[in-house]
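Take this structure, written in structure tokens, and hold onto it; I'll ask about it next.
The values are calculated or read from the model by the stated rules, or taken from the named source; none is laboratory data. Computed from a prediction, not measured in an experiment: that's the story for all the values here. Methodologically, a virtual Cβ is constructed for each residue, glycine included, from the backbone with ideal geometry; neighbour enumeration extends over all protein chains shown. Areas reflect the complete protein model, heavy atoms only, side chains present, ligands, DNA and RNA absent. Shrake-Rupley method; radii C 1.70, N 1.55, O 1.52, S 1.80 Å.
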Amino acid sequence: MKLRKFLLRVADIYRFTIRVIKDFFVPPYEWKEIIRQCFLVGNKSLFLIGFTAFIAGVVFTRQSRPSLASFGAESWLPSLVSQAVVRSLGPLITGLICAGKLGSNIGAELGSMQVSEQIDAMEVSGTRPFSFLVVSRITATTLMLPLLVIYADVIALIGSYLTVNMINKTSFQLYFYEVSVNVTYLDIFSSLVKSAFFGFAIGLVGSYAGYHSEKGTTGVGKAANSAVVISMILIFVIDLISLQFINMFRA
């Protein structure tokens, strides 16, 4: 019985995902709603991502410096931090924060609309609620996550530079010259592509959880909670798969 329910849920998720992908390419597009959701995604996450990225840059630099100093390789610190931030730390920080903040928001918002039967009313009125509510949110998270990752990378590197400057009086030009030399185009491109998949997963999971939430107030809470937990798990899974794939090009 449990296996049957699991397989039915997997089939439902598959149909939901195919419907989303299909609506990406089928006009008309809800441009105003997509732009509004992009603004909300960026505006709601900007301060939290910036603050967390700055602290992460400072902490990672302070933790890495003693290990490098013990090998007499303290000059490699900008190289180590920049590669760690661009390749993994920046996308992961951004993805996890957005999973917690945006995933729960999308799940709770669509869940409350489902419980109050607003989605059913939109279906009856013929306003294409799936495209307006679901596709617009998934498009916004997919487009905005790479931009937020760039923002997080810059803030984390600034935090790292300030830490190095306080300890070694390293100049701004020297630090970021080392960063630019050691970060490759493959690092940047793979980070942005990976973060776009993070955004798609966050939007998809949050939308599915809210769109299929159970009736009643507890259903909204379950939708928001499951959106956060599953999104975070998917982010680590996507990160692992992308790492294996990207390493094929670095070899």
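Fully extended, how many nm does the chain gain between N225 and Q244 (0.36 nm per residue separation, minus their Cα-Cα distance)?
3.9 nm
Checking the table K194/K222; K5/K44; K194/K215 against a 30 Å threshold on Cα-Cα, which pairs fail?
As for pairs spanning more than 30 Å Cα to Cα, those are K5/K44; K194/K215.
Counting Lys and Arg as +1 and Asp and Glu as -1, what is the net charge of the other residues whose Cβ lies under 11 Å from the Cβ of L92?
Once positives and negatives cancel, what remains is +1.
Related question: Of all the accessible heavy-atom surface of region 37-92, with the other protein chains kept in place and a 1.4 Å probe, what percent is carbon and sulfur?
69 percent
Carbon and sulfur atoms: what percent of the 1.4 Å accessible area of region 103-174 do they account for?
It is 66 percent, rounded to a whole number.
Could I ask something else about it? Mind ranking M166, M122 by accessible surface for me, highest first, 1.4 Å probe?
Solvent-accessible surface, decreasing: M166, M122.
So who's got an amide H within less than 5 Å of the one on V183, skipping anything under 5 residues away but keeping other chains? H placed 1.01 Å off N, in plane.
Under 5 Å from the amide H of V183 lies no amide H from a residue far enough along the sequence or on another chain.
For region 202-251, report the accessible area per residue in Å² (1.4 Å probe, heavy atoms, rounded to an integer).
Ligands and nucleic acids excluded, the figure is 55 Å² per residue.
Here is a further query. Calculated FRET efficiency, W31 and T184, Cβ-Cβ r, R0 45 Å, to nearest 0.05?
Computed FRET efficiency for W31 and T184: 0.80.
For the chain, what does -39500 (n - 2.57) per DSSP helix run (n ≥ 4), summed and divided by total residues, give at 222 nm, in deg cm²/dmol to the nearest 500?
My calculation for the chain gives -28000 deg cm²/dmol from helical runs alone.
Taking all pairs of distinct Cα atoms, average 1/r, flip it, and tell me the Kirkwood hydrodynamic radius of region 1-127 in Å to one decimal place.
19.0 Å
Testing the spin-label approximation: label points 7 Å from Cα along Cα→Cβ at L174 and V124. State their distance in nm.
Calculated label separation equals 7.2 nm.
Starting from the residue with the highest accessible area, list Y29, Y175 in decreasing order, probe 1.4 Å.
Y29, Y175
Could you compute how much accessible surface I230 exposes when probed at 1.4 Å, giving the result in Å² to the nearest 10?
Accessible area, nearest 10 Å²: 80 Å².
Could you tell me the center-to-center distance, by alpha carbons, between region 143-213 and region 42-77 in angstrom?
Cα centroid of region 143-213 versus Cα centroid of region 42-77: 12 Å apart.
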